[in-house]
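Below is one structure, written out as structure tokens; comments come after it.
FYI, it's all coordinate maths here, none of it is from the lab. From a predicted model like this one, the values you see are computed outputs, not experimental measurements. Here the Cβ positions follow ideal geometry from the backbone for every residue, glycine too, while neighbour counts run over all protein chains shown.
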Amino acid sequence: MADKVLVKGNEALGEAAIAAGCRFFFGYPITPQTELSEYMAKRMPKIGGTFLQAESEIAAINMVLGAASAGARAMTSSSSPGISLKGEGISYIAGSDLPAVIVNIQRGGPGLGGIQPSQSDYFQATKGGGHGDYHLIVLAPNSVQEIVSLTFDAFDLADLYRMPVMILGDGMLGQMMEPVVFPEHSERVLPEKTWATNTTKGLRKKNIINSLYIKPDVLEKINFERYARYAEVEKKEARFEGYLLEDAELVITAYGATSRISRNAVNALREKGIKAGLLRPITLWPFPKEAYQAAAKTAKAFLTVEMSMGQMIEDVRLAIDCARPVHFCGRTGGMIPTPGEIEAKAEEIARAF
Amino acid sequence: MYFPQKRITIYAGHYGSGKTNLAVNHALALRREGKRVKILDLDIVNPYFRTKDSEALFRREGIELIASEFAGTNVDIPAIPAAAQSAFDDREASVIIDVGGDDSGALALGRYQRAINDEGDFDMLLVVNRFRPLARTPEDAAEIARSIEGASRIRFTGVAANSNLGGETDAETILSSEEYTKSVSALLGLPVVYRAVREDLREALGNKLERIQPVKITGKIWF
């Protein structure tokens with residue numbers, strides 16, 4: 001598929017995963033990500049892959065654990081409450097050092113919440129989310145085309161660092177249609193999966209996939225080793241996009257769909273003579289701290305825009321060590337901020353400059 | 001105008017083919033001719049984009065919207081309102097039916113197949129967009145059409161060509177889709193009833209295509 005197609009975010013996730021070599025998808029329907037499951041149900045049988053609708057989110061994530069153990073590229077997806085259910089399995093995958101891709105197309109919460117777009121699972125995605133010391137690499141696309149490229153990256157990063165990767169979208173990104181191209185996927189150079197439980201053929205010692213360690217000193221050592229790997233990820237994989245940051249006095253920062261709205265606001269503010277810029281983290285973990293420190297050199301203040309009560313704002317403050325005031329503009333419960341709301345907040349902040 | 005004039009027009013087709021937008025445009029056109037119009041939202045599959053998004057427009061124009069009272073809310077459940085029956089009992093009104101995508105969406109339409117087939121005064125249009133990933137070949141589109149007929153137990157009477165690339169659509173997008181449209185039409189033995197074209201592109205197409213129906217883009221736009 002080299003020419004343009006008109007694709008929903010959810011469908012793009014599915015097609016890109018297939019192009020990246022994913023042949024195992026374990027799903028369970030929930031609005032607003034159901035089209036991904038449905039797409040995989042239609043496509044996987046045609047290409048010799050496996051689509052399985054599990055009896056629950058918990059079953060689906062544990063099927064991912066099984067397929068990943070055998071060395072396969074495996075994926076599951078859900079939306080907010082369903083990701084909570086997967087939490088235990090994600091922790092087991094992290095604790096077993098397995099590569100896997102998990103998609104969260106966020107909806108309003110907490111609890112059963114609503115079905116409209118939200119970004120209120122930021123803490124859950126970036127701070128572990130399940131029990132124990134662990135991280136996921138968290139990728140935050142802001143267009144259907146970027147969903148394609150970040151889905152490719154997700155599988156490669158998972159294999160490279162032997163850790164689960166989450167693609168964090170929202171109901172807007174999952175549901176909106178945009179013209180996209182599916183390029184050929186050219187994989188990074190990846191290590192061979194010598195650890196996989198993919199039959200010994202009598203030629204090697206058997207591999208064991210495990211996250212249970214009875215002796216605390218052994219578990220501590222393994223956690224130390226894993227965190228050394230996390231440090232490498234933090235050093236090498238942080239990504240962001242800057243827009244008009246060079247002379248920005250007010251740095252608006254947002255990820256995913258809200259970054260598109262914020263960009264419109266930045267353009268409007270520039271026309272009004274306010275030196276606004278946009279810093280969009282593409283990886284939420286690792287968080288692109290250095291980009292924030294660089295932006296703080298010209299910035300008098302930051303403004304975080306989120307579809308939540310304020311979650312990423314904490315990472316922004318930490319990244320710049322509270323060296324500048326960090327303000328907040330957000331909606332919650334499935335409400336979407338308008339460029340006008342962002343502009344009003346920005347103008348209020350800029351008046352104090 | 002090329003919108004069909006039968007008492008009932010049913011819009012069905014693959015996911016994201018543009019059924020809702022064409023249904024809304026059709027309802028508006030009939031209303032502006034002075035007809036009493038009901039639009040019936042039978043999409044119980046996708047709770048995100050639906051005719052209900054244009055509720056304010058219908059109220060302004062005096063079009064009766066029949067949709068689940070839960071549609072578009074946070075408790076959106078696959079329910080059909082009891083008032084749907086009035087679309088078939090009240091034979092003085094023109095009715096536009098917006099069906100959910102694919103065969104799974106068309107299942108709800110099957111509930112009314114007897115009323116529709118018995119009355120016989122209807123068109124069912126297959127909406128196609130060749131840029132949608134699972135309907136890229138005429139064969140894909142024909143297969144979906146047959147599965148919709150199976151689920152709804154109603155036969156299509158024509159094709160509404162709606163190939164587009166969203167905001168990137170230009171005249172060439174539409175002209176290059178003609179071969180696909182004709183193949184779908186030939187495979188299914190159905191006439192091309194109209195070719196939907198965004199209003200601002202109408203002029204550029206001149207008389208290069210037959211049965212061009214200008215349409216507006218309605219519903220949700222986020223950015």
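The long axis of helix A:257-271 is offset from the longest Cα principal axis of chain A by roughly 20 degrees.
Calculate, in whole percent, how much of the Cα-Cα pair population of region A:269-353 lies beyond 21 Å.
In whole percent, the share of Cα-Cα pairs in region A:269-353 beyond 21 Å is 29.
Each part reduced to its alpha carbon centroid, region A:166-215 and region A:304-353 end up 35 Å apart. Estimated from the Cβ-Cβ distance and a Förster radius of 22 angstrom, the FRET efficiency linking B:ALA204 and B:ARG136 is about 0.35.
Straightening the chain between A:ALA196 and A:ALA228 buys 9.4 nm, computed as 0.36 nm per residue apart minus the Cα-Cα spacing.
Of the trypsin sites (Lys or Arg not before Pro) found in region A:70-143, those in coil by DSSP whose Cβ has at most 15 other Cβ atoms within 10 Å are A:LYS127.
List the GluC sites (Glu not before Pro) within region B:186-222 that fall in a DSSP loop (any state other than H, G, I, E or B) and whose Cβ has at most 15 other Cβ atoms within 10 Å.
Details: sites: B:GLU199, B:GLU203, B:GLU210; in loops: B:GLU210.
Here the sparse-neighbourhood loop sites are B:GLU210.
Summary of the geometry: region A:240-296 and region B:165-223, compared by the centres of their Cα atoms, lie 38 Å apart. Placing R0 at 60 angstrom, the Cβ-Cβ distance between A:TYR243 and B:ASP118 gives a FRET efficiency of 0.50 after rounding to 0.05. For chain A, the longest principal axis of the C-alpha atoms and the axis of helix A:216-236 are separated by about 50°. Put a dot 7 Å past the Cα of A:GLU184, heading toward its Cβ, do the same for B:PHE70, and the two dots end up 4.9 nm apart.
Where both bridge residues fall in chain B, DSSP classifies roughly 0% of the beta bridges as antiparallel.
Starting from the Cα-Cα distance between B:ASP170 and B:ASP89, subtract it from 0.36 nm times their residue separation and give me the gain in nm to one decimal. Please report the intermediate quantities before stating the final value.
Details: separation 81, 0.36 × 81 = 29.16 nm, distance 4.21 nm.
That pair, B:ASP170 and B:ASP89, stretches by 24.9 nm at full extension.
Annotation for A:LYS272 and A:GLU347: the two label points, set 7 Å from Cα along the Cα-Cβ direction, are 0.4 nm apart. For the protein assembly as shown, the orientation-averaged shadow of the C-alpha convex hull comes to 29.0 nm² (one quarter of the hull surface). Toward the positive end of the charge dipole of chain A, with +1 on the Cβ of Lys and Arg and -1 on the Cβ of Asp and Glu, the farthest Cα among A:LEU279, A:PHE123, A:GLY310 is that of A:PHE123.
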